[in-house]
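Participant: Attaching a single structure in structure tokens format; questions to follow.
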Amino acid sequence: MHLTVTLTSAAVAAIIGVWLTFRVIQLRAKFGVAHGHGDNDALMRRMRAQLNYAENTPLVLILIAGIELSGKADIWLSYVAAVYFLGRLAHAVGMDSESVPVTRKIGMASTLLVLIGLAIYALLVALKIV
């Protein structure tokens, strides 16, 4: 079994993780903050976007891998992964704003919907309902 969706998702996850890290580094350099957030709201928002990504992405990757390993995956799993990652990009961009723009809302909504959907499907697979 090649785990194509899992490996592709993990690669995309790594690339987005690096991009989020560079965004934090960019503001650290701009504002001269070596550690923490230096009471800089913009840096704090970027750090939170990075951490929120790090909190949710492992769960999504585990669920994708489990579903793919079960043999119950199809092309839909690729689309779900794409929705998740596009949502995470939208969330990160939205976190640059002091308000709560639509991109941040879309990002969080897609994250939660993907997590809940994958969790329910994984549970149904585990209970041999699907």
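All of the numbers you see were taken from the coordinates with simple rules; none came from a lab. All values derive from a computational prediction rather than experimental measurement. Because the Cβ atoms are built from the backbone with ideal geometry, glycine has one as well, and the counts that use them run over all protein chains shown.
Participant: Give a residue-ordered list of calculated ³J(HN,Hα) values for segment 46-56 (Karplus: 6.51 cos²θ - 1.76 cosθ + 1.60, θ = phi - 60°; whole Hz; x for Gly, Pro).
Facilitator: Along segment 46-56, the couplings run 5, 5, 5, 4, 5, 5, 4, 4, 5, 6, 9 Hz.
Participant: In addition: If you compute log10 I(q)/I(0) by the Debye sum over Cα atoms at q = 0.13, 0.17 Å⁻¹ for the structure shown, which of (i) -0.57, -0.86; (ii) -0.66, -0.98; (iii) -0.46, -0.83 do you land on?
Facilitator: Matching the structure shown: (i).
Participant: Name the GluC sites (Glu not before Pro) in segment 1-110 that are in a loop by DSSP and that have at most 14 other C-beta atoms within 10 Å, would you?
Facilitator: Those that pass, being in a loop and sparsely packed, are GLU98.
Participant: Shifting gears a bit: Within a 10 angstrom radius of the beta carbon, how do ILE106, ILE120 rank from fewest other beta carbons to most?
Facilitator: In increasing order of surrounding Cβ atoms, one gets ILE120, ILE106.
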